[in-house]
Each structure stands twice: as C-alpha cells, then as structure tokens.
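Engineer: Okay, here's the structure, questions in a sec.
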Amino acid sequence: MIFTSILSSSAAILLYTGLLFLNISIRKGDSAGSRTAGRSIYLIFALSSLLYGIHLLFEIMTIQQETIPGILLFFKPQVAVELVAGIFWLWAIAHYTQVKPRRLLWLLTSIFSLLATLNLVLPYGYIWQEVSGLQSINLPWGESYVHLMGIPHPLIVLGTVTNILTFSFIFYACFRQYQQGEHQKASILAFCIVILLISTIHIYLVDAGVLPQFISTVPFTFLIMIILMSLQFADEIVKTELKLKYYNTHLEQIIEVRTQELKAAIQEATLLEERNRIAGELHDSVNQSLHSLVMIADSLPKIQQTFPEEIPPGLRKIKDLAQGTLAEMRNLLVELRPQGLVDKPLGELLRQLSQAIAHRTSLNLTTYIGCDSKLPPQVQICFYRIVQEALNNVVRHAKAQHAEIHFNCKHLDCHSDRVQLLVKDDGLGFSKENILPGNLGLNFMKERAEKIGACLKISSKPGQGTKVLVDWFISN
C-alpha cells in the first residue's frame with residue numbers, strides 16, 4: 001500500500017534522525033560535560049524525533065485494523081506517544097529560541113502529561129466519549145482505511161486550549177528570537193509552525209464536518225519540521241566544529257610561542273648563571289694566581305741580591321702557578337663552548353677538571369681513568385656535571401685532605417654494558433638525617449642521573465668521608 005509505505009519511510013527518517021542526534025548529544029556530553037546547552041537541545045530534539053517516529057509506527061498499525069477494539073488497541077498509545085513527543089518538542093523550541101518561561105512550560109507539560117495518561121486510562125481515550133462505529137475513508141489513488149466515529153469527549157476542549165497556548169508560546173518565542181538578531185533560525189521555526197498550524201486547523205475542520213474526511217497531514221508536517229530543524233542543527237554543528245578547530249589551532253600557536261619564549265628565558269637564565277659562576281672562578285682562581293705571579297716576579301730581583309739561594313724555589317713557584325693557571329683556563333674554555341664537553345673523551349675532561357680544582361685549593365686530588373672513549377653527548381655532560389658538583393661539595397663542605405676520582409668502562413667500543421664513576425673523599429662526611437630536604441647540590445646530582453637513566457648512590461657517615469657512585473648501563 002502506498003500510504004503505508006509513505007508512513008513507513010517517514011517513520012524510518014524520524015527514527016534515524018533521532019538516533020543520529022542522540023549520538024551527537026552523547027558525544028557532546030563526553031567531551032564537554034553533561035550540563036552544556038548544546039547537549040540539552042540535541043538530546044531533547046532527538047527524543048522528540050524518536051517519539052514521532054514511534055507515533056507513526058503506531059499509526060501504521062492503526063490503519064491496518066478493521067475493528068473498533070483493534071483500532072483502539074493501537075490508536076490510544078498512538079495519541080499518548082504524540083502528546084509526550086509534543087512535550088519534548090515544546091522544550092526543544094524553548095532551548096532553540098532561548099525563551100524559557102518556566103511556569104508556562106511546566107503548566108503545558110503537566111497538561112500534556114495528564115492528557116496522555118487519561119488517553120491510556122479511559123476506554124476510548126480523551127478524544128472520544130463514546131465510539132458509535134467506523135467510517136471508511138477513500139484516498140484519491142484508490143486505497144481506503146477505516147476511521148473511528150462517535151461522541152467527542154469534553155476533555156477535547158482542554159486539548160484545544162492547550163494547543164492554543166502552545167502555538168501562542170511558540171510564535172512569541174519565534175518573535176523574540178527574531179528580535180535578538182537570529183533571523184534565519186527564527187524564519188525556519190516560523191515556517192515550521194505555520195505549516196503545523198495549518199495541519200492542526202485542517203484536523204479541527206474535518207472533525208467539525210466542514211471539510212470531507214481525509215488523511216491527517218500532521219505526521220508529514222512533523223517530518224518536514226524535523227528535517228528542517230535537523231538541517232539547521234547540522235549547519236550549527238559544522239560551524240561550531242570549524243570555530244573550535246580555529247580556536248584550537250590558534251591556541252596551539254599561542255602555546256608554541258609561549259613555550260619558545262619560556263625556553264629562551266630559561267636558556268638565558270642558565271647562561272647568565274653559568275657566566276656568573278665562571279666569572280667567580282676567574283676571580284677566585286685565575287685572577288689570584290696571576291696576581292701571585294706578578295708579586296713573585298717583582299720580588300725576585302730584590303731577593304737575588306740578598307738571598308740568591310731563594311731564586312730557584314721562586315722560579316719553581318712561578319712555574320707551578322703558571323701551569324695551574326693554564327689548567328684552570330683550559331677548563332673554563334671547555335665549559336664556555338657548547339660542544340666543549342662532548343668533543344673530548346670524558347677521561348681527558350676529568351683530568352683537566354681535577355687539575356683546575358687542585359690548583360686553586362689545597363686538596364690532594366687523584367684521578368684514575370680506566371677509559372678514554374667518548375660517551376653519548378647527553379651521558380657525558382651529565383657525568384661531568386655530577387663530578388663537578390661532587391668536587392665542589394668536597395671543597396666547600398667536606399674539609400677533606402685527599403679525594404679520588406675513579407672512571408671505568410669495560411669494552412665500550414664493543415658495546416659494553418656498564419660505565420662506572422666514583423668520587424670519594426676523606427672529609428667530615430654527613431648523616432642522612434641532617435640533610436635538608438631542599439639541598440640543591442644533592443638534588444642536582446639525582447636529577448642528572450635520572451635524566452640519563454643512571455643509578456646514583458651517595459654513602460656517607462660522620463667522620464668517614466663521602467662516596468658518590470654513578471652506574472650507567474648502555475641498555476638504558
């Protein structure tokens with residue numbers, strides 16, 4: 001049957017549209033939270049579309065019946081579902097236009113709910129007080145179906161008043177939306193409401209006998225409304241997605257710029273700190289050594305006349321100071337160059353570092369190098385900085401007389417599995433309980449070791465010196 005096929009196709013479209021927007025509302029709830037306005041309107045619209053689709057399925061079953069009990073079996077739930085769908089459609093329009101007179105909306109919702117309940121409870125629904133028979137309706141293309149005839153129920157007046165209030169609210173909401181500048185949305189809604197009003201008036205005129213019996217056009221009116229509104233919502237979704245994509249891209253660009261600025265600031269602060277440290281070392285060691293050289297050189301001519309036997313020791317002192325100053329300068333020049341800590345083997349760098357520290361302090365420092373191969377750049381820099389920090393702690397806090405550096409690696413060129421570094425001294429030592437939580441030197445060494453996946457172990461006891469052991473495995 002053509003009419004049944006049309007109703008089935010319409011029901012399929014409504015159900016598909018409802019499921020589609022139900023999925024959209026769920027996705028919006030997962031991504032933006034369950035209280036967003038967009039999710040609410042899509043969820044309400046989806047439920048109204050699904051209910052109208054179910055309403056059409058009941059209508060298909062109704063027109064296939066030929067007896068009064070058979071028709072009432074499907075006609076009563078058909079009308080009830082239509083009333084519940086009207087509730088969701090009412091709230092969808094309220095969210096769509098952002099016009100929400102709460103009292104009126106809840107009043108209409110209560111009336112629609114009451115009518116839907118009474119329609120299921122009363123013998124002939126809220127439309128008929130008594131059914132007297134069936135009337136055959138012939139369609140222009142040759143099909144026919146039967147329709148109930150009887151005495152209208154007084155509750156039909158309540159339904160009519162409710163419909164008038166509903167249309168009045170919708171037109172008012174549409175007008176308010178147009179005033180707010182949303183002309184396109186208001187025009188689409190106005191068109192939908194006009195055709196729905198025409199279909200509703202047609203039903204009343206048919207029931208009054210003014211027009212001949214014909215099929216109800218309300219289901220098709222709702223189909224047109226759902227399609228137009230879904231197209232409007234789809235357009236809004238696409239525009240929203242484009243805006244979000246633009247904002248995300250813009251935000252990523254801002255984050256990238258800020259990240260680069262932060263990196264530059266951190267790099268500048270690091271360079272400034274390093275320059276200050278090197279300037280301090282130049283002042284504390286090289287400057288004092290050069291000053292001593294000048295003083296000794298100035299005094300040698302005077303000593304030669306009075307104590308000639310003191311000349312050879314003085315010359316040796318000048319030589320030692322010059323060699324120490326040269327070692328100190330070499331070490332500083334290595335640290336000034338970005339590639340200075342990776343161009344040479346770590347063993348050679350540790351020798352230069354120990355010579356420089358031994359020159360400017362009274363510490364007896366011995367270096368044992370068991371490997372002259374290069375390590376990966378990041379690993380080599382971390383090992384060097386850990387040794388540097390450990391020796392600084394020895395000089396500043398340990399009051400040690402002797403310290404040792406042990407650096408060993410086995411078959412590095414043949415993919416050895418272990419590199420080991422040990423720094424130990426005979427100083428005061430310390431107790432772990434007396435270490436402050438924010439000790440920057442120890443934290444610095446731990447962070448360096450963790451950065452390359454090395455194992456750092458610091459052992460010390462009061463009066464027994466300190467050992468700093470670093471193990472790094474190439475598999476890391």
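Engineer: List the residue pairs whose Cβ atoms are under 6 Å apart, where the first residue sits in the stretch 347-366 and is more than 12 Å from Val394 (Cβ to Cβ), the second is among the charged types (D, E, K, R) and not in a helix (DSSP H, G or I), and the two are 6 or more positions apart or on different chains.
Structural biologist: Hits for this filter: Gly347/Asp372; Thr366/Glu404.
Engineer: Right, here's the next one. Does Thr361 meet the test of being within 17 Å of His402 (Cα to Cα), of a type in the set (Ser, Thr, Tyr), modelled with pLDDT of 70 or more and in contact with a helix residue (DSSP H, G or I) (Cβ under 6 Å, 6 or more places away or on another chain)?
Structural biologist: Values: within 17 Å of His402 (Cα to Cα): yes; of a type in the set (Ser, Thr, Tyr): yes; modelled with pLDDT of 70 or more: yes; in contact with a helix residue (DSSP H, G or I) (Cβ under 6 Å, 6 or more places away or on another chain): yes.
Yes; evaluated as a whole, the condition is true for this residue.
Engineer: Please specify each residue of the stretch 117-176 satisfying the condition of being assigned to a strand (DSSP E or B) and either outside the structural domain of Arg103 (by TED's automatic domain parsing) or not hydrophobic (A, V, I, L, M, F, W, C) (or both). Spell out the reasoning first.
Structural biologist: Of all residues in the stretch 117-176, those assigned to a strand (DSSP E or B) come to 128-138, 144-152.
Gln129, Glu130, Ser132, Gly133, Gln135, Ser136, Asn138, Ser144, Tyr145, His147, Gly150, Pro152, listed by residue number.
Engineer: Take the residues of the stretch 10-24 that are surrounded by 22 or more Cβ atoms within 10 Å (Cβ to Cβ) and either at pLDDT below 85 or not small (Gly, Ala, Ser) (or both): which is nearest to Leu83 (Cα to Cα)?
Structural biologist: Leu14
Engineer: Further question on the same structure: Looking at the stretch 357-382, which of its residues are small (Gly, Ala, Ser), touching a Gly at 6+ places or on another chain (Cβ under 9 Å) and outside any helix (DSSP H, G or I)? Outline the logic, then answer.
Structural biologist: Residues of the stretch 357-382 that are small (Gly, Ala, Ser), as a first pass: 358, 362, 370, 373.
Those still in the list that are touching a Gly at 6+ places or on another chain (Cβ under 9 Å) too: 358, 370, 373.
Gly370, Ser373, listed by residue number.
Engineer: While we're looking at this one, here's another question. Is one or more of the residues making up the stretch 97-106 touching a residue at least 40 places away in the same chain (Cβ under 8 Å), crowded, with 22+ Cβ neighbours inside 10 Å and hydrophobic (A, V, I, L, M, F, W, C)?
Structural biologist: No, the stretch 97-106 contains no residue that is touching a residue at least 40 places away in the same chain (Cβ under 8 Å), crowded, with 22+ Cβ neighbours inside 10 Å and hydrophobic (A, V, I, L, M, F, W, C).
Engineer: At pLDDT below 90 and assigned to a helix (DSSP H, G or I), is that true of Arg27? Walk me through it before giving the result.
Structural biologist: Details: at pLDDT below 90: yes; assigned to a helix (DSSP H, G or I): yes.
So Arg27 passes the test.
Engineer: Does the stretch 147-162 hold any residues that are surrounded by fewer than 16 Cβ atoms within 10 Å (Cβ to Cβ) and polar (S, T, N, Q), and which are they?
Structural biologist: Correct list: Thr160 only.
Engineer: Based on what the data block shows, is Thr240 free of Cβ contacts under 8 Å to residues at least 40 places away in the same chain and either surrounded by 11 or more Cβ atoms within 10 Å (Cβ to Cβ) or within 24 Å of Gln135 (Cβ to Cβ) (or both)? Even if it seems obvious, please write down each step before you answer.
Structural biologist: Values: free of Cβ contacts under 8 Å to residues at least 40 places away in the same chain: no; either surrounded by 11 or more Cβ atoms within 10 Å (Cβ to Cβ) or within 24 Å of Gln135 (Cβ to Cβ) (or both): yes.
So Thr240 does not fit the description; no.
Engineer: Among the residues of the stretch 370-386 satisfying the criterion of being more than 13 Å from Val342 (Cβ to Cβ) and buried (at least 17 other Cβ atoms within 10 Å of the Cβ), which is farthest from the chain's Cα centre (by Cα)?
Structural biologist: Cys371
The values are calculated or read from the model by the stated rules, or taken from the named source; none is laboratory data. Here the structure is a predicted model, which means the values were calculated and not measured. Glycine also receives a Cβ, built like all others from the backbone with ideal geometry; neighbour counts cover every protein chain displayed.
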